[in-house]
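Scroll down for the structure; my scribbles are underneath it.
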Amino acid sequence: MSGKLVGSFIVATALIFGAVVYYFQVYGYYEEVAVHGAEDVMLTALVSGRPEPILYGDFKAIDGSSSPIRYRACFTVQNSIPMLTETYEAYEAAEPRNAPGWFDCFDAQEIGHALENGEALAFLGTRNVEYGIDRVIAVLPDGRGFAWHQINHCGEVVFDGKPVPEDCPPKPTSEMSETPGPESD
């Protein structure tokens, strides 16, 4: 009888622990981002090399303090794609990351497929929004826009513990005490 009781206790504890881990991974570490106005959606201009606000609507975003790459946003863009491509810096190798299922406006598979097929275009939002992390903006032909954070070349090297490459800015010492780990989506 006591073996069944111990076994039941172990199974119950494992189930509770699994449910808590699932909750924190999918819900607990995310919070909604408040709308700030012009600063919510910015693209890096070709001429100045600096981020500039663009016209947008229907902004929704989430972020998590546990990792700098948890940021996701959805919005609508009011500028045409030809105008965006002539004015703002493209982002090569954009790879949208999965969002939690409850943030249903952001579908990483749909965005990634549209980027691969050339239907959507990716732009640099802000380089090094945090050291080694870029904000990437993708725009679909229907005017839907999406944003996420992606580790850039400098971040990939430095977060692996290697020396800062010559083409990268020096790493800030205070931010690098905690490096982002892989995100479970």
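What follows draws every value from the coordinates through simple rules; no lab data is involved. Nothing here was measured: the structure is a model prediction, and the numbers come from that model. Because the Cβ atoms are built from the backbone with ideal geometry, glycine has one as well, and the counts that use them run over all protein chains shown.
Mind pulling up the Rg/Rh value for region 128-169? Radius of gyration and Kirkwood radius, both on Cα.
Numbers: Rg = 13.4 Å, Rh = 11.5 Å.
Rg/Rh for region 128-169 comes to 1.16.
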Overall form of region 50-142 per C-alpha gyration tensor (a/c, 1.5; a/b vs b/c): rounded
Quick check: Cα centre of region 42-79 to Cα centre of region 127-163, how many Å? 11 Å
Arg144, Arg72 arranged by Cβ crowding within 10 Å, fewest neighbours leading: Arg144, Arg72
When Lys and Arg each count +1 and Asp and Glu each count -1, what net charge do the other residues less than 14 Å away from Pro163, Cβ to Cβ, add up to? -2
Of the listed values [x] 1.24; [y] 1.02; [z] 1.40, grab the one calculated as Cα Rg over 2.2 N^0.38 Å from the structure here. [x]
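Please arrange His113, His36 by how many other C-beta atoms lie within 10 Å of their C-beta, fewest to most.
On the way: His113 13, His36 9.
Ordered from fewest to most neighbouring Cβ atoms within 10 Å, His113, His36 come out as His36, His113.
In what order do Leu121, Leu55, Leu46 fall by count of nearby beta-carbon atoms within 10 Å, going from fewest to most?
Working: Leu121 19, Leu55 10, Leu46 13.
Listing Leu121, Leu55, Leu46 from fewest to most nearby Cβ atoms yields Leu55, Leu46, Leu121.
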Spatially proximal lysines relative to Lys162 (Cα-Cα < 21 Å; intrachain offsets below 8 disregarded): Lys171
